[in-house]
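The next block holds one structure in the form of C-alpha cells; read it before the comments.
The values are calculated or read from the model by the stated rules, or taken from the named source; none is laboratory data. Everything numeric here is computed off the predicted structure, so don't read it as measured data. Quick reminder, even Gly has a Cβ in these numbers, built from the backbone with ideal geometry, and neighbours come from all protein chains shown.
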Amino acid sequence: NAGVTQTPKFQVLKTGQSMTLQCAQDMNHEYMSWYRQDPGMGLRLIHYSVGAGITDQGEVPNGYNVSRSTTEDFPLRLLSAAPSQTSVYFCASTPIRGGLGEQFFGPGTRLTVL
Amino acid sequence: AQKVTQAQTEISVVEKEDVTLDCVYETRDTTYYLFWYKQPPSGELVFLIRRNSFDEQNEISGRYSWNFQKSTSSFNFTITASQVVDSAVYFCALSQIKAAGNKLTFGGGTRVLVKP
C-alpha cells in the first residue's frame, strides 16, 4: 500500500492563480480530510468527506473547494490564491467504522503564494 | 466548540532527561478521543496514541507514557530518558466520537529539542 499520497510536494503561485492539490489513498478509507498547518497554530481542518459524493466544511473553508467523486481521491482546489494561503497542506484518511481511529496523513504540500 | 491548549511552545532538554508535555482540552461532549502526533524535522505526521474518554488508564509504550485525567481535562505525555531522535514537534488533538463529521482539533504543538 502506498498509503496517502499528495502531489505536488512544493508549489509557488502568484496571487490570483488557481491550482489543485491532489490527494489519493489506497486503503479504502471512507473518511478523508484536508488540514493546513501554520506556525504556532497546529493543524486546522479545511474540508472533509465521509464518503464519495459527500463533503462538508471544516474550520477554515474560505477560498477552498473540494469534491469527492471516488473513494480514493480528494482534491483540494484553490480558486484564487492569496498570500494568506501560504501554508503546509496535509491530507488525511481514516476508516470510519468503530469511530475515528488513527488518521493517516500524507507527506504534505508546501505552498507559497507571492 | 472544542479547544486544545499546549501551553509549552518549546522545551529544551539534555539527552537522558525526562520531558513532560502538557495538553489541556475543552469539549462539551461526554465521549471523545484524544490523540498525540509527532512531527519530526522531516515534516511528516506520525501517530503515537489514541485514547477514548471511557478509558482513564495510563498507558506506557517503551519510553513513552501518557497520563489521562478527565477530572482536569488533561492528557499529558512523558518521554523518559530522552534521545536526540525525540527532537520534534508534538501535537495533542481531540475529536468527537461520531460516525460522521469527525473532526480533529489540534493544539498549537510543543517543540522538543533534545541536546546531546
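Among residues of region A:56-82 that are without any contact (Cβ under 8 Å) to a residue 60 or more places away in the chain, those with a Cβ under 7 angstrom from a residue that is assigned to a loop (DSSP other than H, G, I, E, B) and among the charged types (D, E, K, R), sequence gap 6+ or separate chain, pair up as A:58/B:103; A:72/A:26; A:74/A:68.
Look through A:22, A:17 and report the one residue that is polar (S, T, N, Q), surrounded by fewer than 20 Cβ atoms within 10 Å (Cβ to Cβ) and touching a Cys at 6+ places or on another chain (Cβ under 9 Å). Working first, answer last.
Values: A:17 fails: touching a Cys at 6+ places or on another chain (Cβ under 9 Å).
Just one listed residue meets the conditions, A:22.
State whether one or more residues within region B:39-47 are within 13 Å of another protein chain (Cβ to nearest Cβ), under 26 Å from residue A:110 (Cβ atoms) and crowded, with 17+ Cβ neighbours inside 10 Å. Yes, region B:39-47 contains a residue that is within 13 Å of another protein chain (Cβ to nearest Cβ), under 26 Å from residue A:110 (Cβ atoms) and crowded, with 17+ Cβ neighbours inside 10 Å.
When A:87, A:33 are checked against the criterion of being buried (at least 16 other Cβ atoms within 10 Å of the Cβ), modelled with pLDDT under 95 and within 13 Å of chain B (Cβ to nearest Cβ), A:33 stands alone in meeting it.
Before we move on, is residue B:63 under 17 Å from residue A:43 (Cα atoms) and basic (Lys, Arg)? Even if it seems obvious, please write down each step before you answer.
Values: under 17 Å from residue A:43 (Cα atoms): no; basic (Lys, Arg): yes.
Against the criterion (under 17 Å from residue A:43 (Cα atoms) and basic (Lys, Arg)), residue B:63 does not qualify.
Residues that are more than 22 Å from residue B:89 (Cα to Cα), within 11 Å of chain B (Cβ to nearest Cβ) and touching a Phe, Trp or Tyr at 6+ places or on another chain (Cβ under 8 Å) do occur in region A:99-107, at least one of them.
Where strands (runs of 3 or more DSSP E) fall entirely within region B:31-116, those with at least 2 residues that are among the small types (Gly, Ala, Ser) and either closer than 16 Å to residue B:21 by Cα or within 10 Å of the chain's Cα centre (by Cα) (or both) are at B:88-96.
Considering every residue within region B:35-46, establish whether at least one is touching a Leu at 6+ places or on another chain (Cβ under 9 Å) and either free of Cβ contacts under 8 Å to residues at least 24 places away in the same chain or at positive phi (or both). Looking through region B:35-46, none of the residues is touching a Leu at 6+ places or on another chain (Cβ under 9 Å) and either free of Cβ contacts under 8 Å to residues at least 24 places away in the same chain or at positive phi (or both).
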